[in-house]
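FYI, it's all coordinate maths here, none of it is from the lab. From a predicted model like this one, the values you see are computed outputs, not experimental measurements. Every residue, glycine among them, receives a Cβ derived from its backbone with ideal geometry; neighbour counts consider all protein chains shown.
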Amino acid sequence: MPAKGAQVGTTSRKTVPGTAAEDVIVVGGGVTGTAIAWRAAAAGRGVLLIDPGGDDPRAADMATMVAAGMLAPVSESVFGEQHLLTLNLHAAERFESFNQELEAAAGLSTGLRAEGTLAVAYDHGDLTALDRLTTFRRSLGLDAERLDARECRRLEPFLAPSTRGGVLTRGDHSVDNRRYLTALRVAAARAGVRIVAGRVTRVADGEVRVALAGQPDGARLTARHVIVATGQATRSLDGLPGPVRRAVRPVKGQILRLRHPAGIPPVLRHSVRAVVQGRDLYLVPRQDGELVVGATQEEREDRDVTAGAVHELLRDAVTVVPAVSELILAEASAGLRPGTSDNGPILGLAGQDGLIIATGHFRNGILLSAVTADAVTALLGGHPPDAAWAPFTPARFS
Ligand code: GLY
């Protein structure tokens, strides 16, 4: 075991000047890792963030860049995931104040939208399924207001005339995932976080092995604390407990980004979710005129964008909001969500002093980022995280 304290291995001293001051190394520069790095640095720690894309997030294959940015604990809740719902509600409550502090620290807007989420249905079967889920959510005391077709169209005039009815969840908001990550990176840099491009190949107690861009493999960096926030790639990171690695699985999502041509008013104000002939769909409008349409959920690990998925997403989106056919298809992309064997995140000490895991956020990475940073801040200070995290320790897989 390496000696505790801020130290650097011989190779890394050459390749990463100044690392000797580091108290914390964060592996993974998506929203989870960057939020953790920012809060740790804001608390006065020396922090090094390592990500394959370095300080250019577009250069990395991270789930953050492909997300839709929904902050939707109620709309994303399903039967049988009570602990996750409790955690997601805790996360939604915290997100706004975290985001305010972030916008002030970065001097940037994250594009938070607070109009709420409207779930709509298109045939009798879809409406029955939506009603069943709404009854369940209300039985848990969650906010869900049933609307008839006319009320839905009053809120969103561009909804298809065939809309049968819907449910409004006012507390389910959204944020622009890419602006949010940019703000986190800027706030982190301003707080003193140093970001380096590198692919971490192995982690251990207080130590990482990293292939740094342009440098030979095998640099060894040490710090008092190592935090692993590597999303679905956690499954192939040497040095972590086997049961944790095996619990993580990639879940592919394909997603579209549309833009409004000049002169076309925004087709939506709320996030809209729909079940179209049994398929889940969401449409998330941005303040700058982007409309995100997603997403497939596939047990695959490639990042190919398929013609079939683009076709289905567009067909379902046009069924829900016919005016979508007037929009410009700006981007089609695919990412890998960090799923786990029980669909819950993994947060806590990895069974070794100094090594903390924060991964497996699956469909809720943006939403959970703020409370994940809070939880890791608590762990770094020797305190337990909020009780909502108790069911999600790495130890549950051993
Ligand atoms: N949270 C939305 C998704 O994972 O597609």
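In this label model, Val78 and Arg315 are separated by 2.3 nm, measuring between points 7 Å along each Cα→Cβ vector. The longest stretch of the chain left intact once loop-based GluC sites (Glu not before Pro) with at most 12 other Cβ atoms within 10 Å are removed from consideration, loops following DSSP, is 1-298.
Quick one: angle between helix 177-190 and the longest Cα principal axis of the chain, in degrees between 0 and 90, rounded to 10, please. Orientation of helix 177-190: about 30 degrees from the principal axis. Compactness check for segment 66-109: Cα Rg over 2.2 N^0.38 Å is 1.40. Between Leu159 and any residue 5 or more places off or on another chain, the built amide H atoms are never under 5 Å apart. Rounded if a/c is under 1.5, else prolate if a/b is larger than b/c, else oblate: which is segment 88-176, with a ≥ b ≥ c the root eigenvalues of its Cα gyration tensor? Oblate. From largest to smallest, the equivalent ellipsoid semi-axes obtained for segment 228-327 from the alpha-carbon gyration tensor read 33, 15, 11 Å. Using DSSP to define loop residues, name the chymotrypsin sites (Phe, Trp or Tyr not before Pro) in segment 76-105 whose beta-carbon has at most 15 other beta-carbon atoms within 10 Å. Those satisfying the criteria are Phe79.
Counted residue by residue at 0.36 nm each, then reduced by the alpha carbon distance between them, the extension gain from Asn343 to Arg246 reaches 33.6 nm. Looking at the calculated P(r) for the chain, what percent of the C-alpha pair distances fall above 27 Å? Summing the P(r) of the chain above 27 Å gives 49 percent of all pairs. For segment 26-160, the dipole from Cβ point charges (+1 on Lys and Arg, -1 on Asp and Glu) about the Cα centre works out to 200 debye, to the nearest 20. Of the residues Pro261, Gly171, Gly29, the one whose Cα sits farthest towards the positive end of the charge dipole of the chain is Gly29 (charges of +1 on Lys and Arg Cβ, -1 on Asp and Glu Cβ, taken about the Cα centre). All distinct Cα pairs of segment 223-265 go into the 1/r average, and the inverse of that average, the Kirkwood radius, is 14.0 Å. Considering every pair of different Cα atoms, what Kirkwood radius, in Å, is found for segment 158-275? Evaluated over segment 158-275, this radius sits at 19.2 Å.
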